[in-house]
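Each value in this text was obtained by applying a stated rule to the coordinates, not by laboratory testing. The structure presented is a predicted model; accordingly, all values stated were derived computationally and were not measured. Cβ coordinates were reconstructed from backbone atoms using ideal geometry, including for glycine residues, and neighbour counts include every protein chain displayed.
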Amino acid sequence: MSLQEHLYMNLVQDKRYLYFLEGLKNTLIITFFALLIGVALGFVIGMIRSTYDRTGKGKIANGICQFYLTIMRGTPAVIQLMIFYYCIFTSRIFSGVFVGIIAFGLNSAAYVAEIIRSGIMSIPKGQMEAGRSLGFSYGETMRYIIMPQAVRNVLPAIFNEFIVLIKETAVAGYVAVQDLTKAGDIVRSRTYDSWTPLLTVALIYLILTMFFSFLEKKMEEAFQRKERG
Amino acid sequence: MAEVLIKVEHLHKKFKNQEVLHDISVEIHKGDVISIIGPSGSGKSTFLRCLNALESPTKGDIIFEGQSVLRSKNVDVLRQKMGMVFQQFNLFPHMSILDNLTLGPRKLLKKSKEEAEEKAMALLKRVGLEDKAGQFPLQLSGGQQQRVAIVRALAMEPDVMLFDEPTSALDPEMVGEVLQVMRDLAEEKMTMVVVTHEMGFAREVSNRVLFLEDGYFITEAAPEDFFYHCENERVQSFLSKVL
């Protein structure tokens with residue numbers, strides 16, 4: 001068979017491109033919302049943890065967060081996903097996509113939290129003291145002075161986490177989600193052709209992660225560190 | 001005698017089991033320029049940082065303009081009236097010089113952008129840095145950064161300025177320009193509390209010298225008496241090393 005015939009059979013025949021489109025859609029939906037949950041929750045946890053590290057306040061909250069991080073980072077994401085789908089959200093009014101968003105979001109939050117914490121801890125103590133001495137509250141100093149610098153410092157690590165997340169969603173097929181990976185697998189089982197559907201899927205993931213890298217570069221340029229002299 | 005601005009009452013400070021300040025009481029009057037001197041590790045900086053509650057004392061109280069700094073519900077508002085200058089300048093590196101000066105006045109004093117910037121430019125001009133307004137802190141020399149840090153504190157229109165070894169991190173040739181700004185401030189009758197190793201400044205500019213050693217408030221005197229007529233053994237031993 002020629003390359004054209006391979007492509008025709010795997011993508012066009014029986015409208016098989018629809019599998020890939022549907023899969024891409026689900027992968028993007030899960031990634032996007034999981035990313036929102038991960039960043040939002042990760043920020044909160046990262047703040048709680050660094051506040052404890054720096055001031056000793058919020059011992060109990062910090063303990064809870066630490067426990068959460070230990071569990072989330074210490075077990076495979078695919079197991080967490082299956083626990084959410086088969087043990088917790090057992091009612092099937094919860095779709096696999098929904099459960100995927102929750103599971104991957106909560107998992108990613110653990111990693112984002114530690115990135116944010118390291119970013120905050122990388123800012124010298126004097127910055128907080130300078131902010132407080134002007135009369136800003138702890139929260140205001142965080143907002144105007146610490147976080148803008150911290151986020152800038154951890155931008156590469158955050159984007160790395162985004163890229164990990166989008167690839168991690170490839171296991172969503174375990175809970176009956178027809179994501180991009182699953183789509184490739186379905187097509188492969190129909191056409192008995194391995195190369196074309198899997199390379200197609202790989203290429204799409206590659207384009208998605210390259211988009212994230214592009215976004216990162218643009219953001220870093222926008223944040224151009226003039227202050228570095 | 002001038003009005004009492006800050007009253008320090010029986011201040012104690014412990015870090016873990018180490019007592020860094022022992023029962024310090026002192027009154028700071030409006031217009032005072034106080035130099036706090038003493039050997040390294042004597043608790044000078046800790047004392048200064050207690051004044052605006054950057055450190056919380058273990059015992060005692062600090063009354064600023066009639067209000068307890070330590071028991072105040074809103075220490076942030078009190079701090080607006082107490083400018084502070086640090087050894088390491090602590091300018092905000094992600095903001096331009098102008099933004100460093102206007103952040104506080106805009107967000108805390110609710111000044112308009114125009115008003116805050118006009119005041120900031122006037123302050124920069126005063127320390128000869130009006131041409132640096134658009135630059136970023138790390139593009140400036142240490143001496144320039146410290147002058148900006150001083151006017152950043154002044155932009156909040158404080159009633160007292162606290163200086164924590166403002167010239168200790170500077171190259172020698174930059175010390176003079178920062179001290180000059182502080183001299184000018186003293187001449188304008190700003191109340192200042194200065195932790196310093198600059199004996200020249202203590203002698204020529206301040207009206208009171210406080211001597212701390214090992215966390216004890218050993219003595220206080222007018223600079224003339226302190227440097228030339230002090231009979232305290234510990235002071236003499238210290239002065240013999242630094243002069």
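If you sort the three axes of the alpha carbon gyration tensor as a ≥ b ≥ c, you get a/c of 1.5 or more for the protein assembly as shown and a/b above b/c, which makes it prolate. Note that segment A:76-85 has calculated 3J(HN,Hα) couplings of x, 4, 5, 5, 4, 4, 5, 5, 4, 7 Hz, one per residue in order, obtained from phi through the Karplus relation 6.51 cos²θ - 1.76 cosθ + 1.60 (θ = phi - 60°); glycine and proline are x. Quick check on chain A: take the gyration tensor over C-alpha atoms, sort the square-rooted eigenvalues as a ≥ b ≥ c, and tell me if it's rounded (a/c under 1.5), prolate or oblate. Oblate, since a/c reaches 1.5 and b/c is not below a/b.
Near the amide H of B:M84, within less than 5 Å, lie the amide hydrogens of B:L162, all on another chain or at least 5 residues away, with H placed in the peptide plane. The lysines whose alpha-carbon is closer than 24 Å to the alpha-carbon of B:K7, local same-chain residues fewer than 8 away aside, are B:K30, B:K44, B:K59, B:K73, B:K81, B:K189. The angle between the Cα long axis of helix A:59-74 and the main principal axis of chain A comes to about 30°, on a 0 to 90 degree scale.
Angle check, please: helix B:142-154 long axis (alpha carbons) against the longest principal axis of chain B (alpha carbons), in degrees 0 to 90, nearest 10. Approximately 90 degrees, to the nearest 10. Once backbone amide H atoms are built at 1.01 Å from N, B:E213 has B:I218 as its partners under 5 Å, excluding neighbours fewer than 5 places away on the same chain. Note on B:129-141: average number of Cβ atoms from other chains within 10 Å of each residue's Cβ is 2. Entry note, segment A:54-154: relative contact order of 24 percent, from Cα contacts under 8 Å with a spacing of 6+ residues. Of A:Y111, A:I48, A:N26, whose Cα points farthest to the positive end of the dipole of the protein assembly as shown (charges on the beta-carbon: +1 Lys, Arg; -1 Asp, Glu; origin at the Cα centre)? Result: A:N26, furthest along the dipole toward the positive end.
Converting phi to 3J(HN,Hα) with the Karplus coefficients 6.51, -1.76 and 1.60 and the offset θ = phi - 60°, segment B:169-182 yields 9, 9, 5, x, 6, 9, 4, x, 5, 6, 4, 4, 4, 5 Hz in sequence order, with x at every glycine or proline. Using C-alpha pairs below 8 Å separated by at least 6 residues, the relative contact order for chain B is 27 percent. Shielding by partners for peptide B:83-94, expressed as the average number of C-beta atoms from other protein chains within 10 Å of each residue's C-beta, is 6.
Distance from the C-alpha centroid of segment B:15-57 to that of segment B:201-243: 15 Å, rounded to the whole angstrom. Could you compute the longest span of chain B free of trypsin sites (Lys or Arg not before Pro) located in DSSP loops and having at most 12 other Cβ atoms within 10 Å, not counting the site residues? Longest site-free region, per DSSP loop and neighbour criteria: B:111-188. Helical runs assigned H by DSSP (4 residues or longer) give the protein assembly as shown a calculated mean residue ellipticity at 222 nm of -17500 deg cm²/dmol, each run adding -39500 (n - 2.57) before division by the residue total.
Each residue of segment B:205-218 was assigned a 3J(HN,Hα) from its phi angle through the Karplus expression (A = 6.51, B = -1.76, C = 1.60, θ = phi - 60°), giving 9, 7, 9, 9, 10, 9, 10, 10, 8, 6, x, 9, 7, 6 Hz with x at Gly and Pro. Taking amide H as placed 1.01 Å from N in the peptide plane, the amide H of B:L5 sits under 5 Å from that of B:I28, B:H29, B:K30, each at least 5 places away or on another chain.
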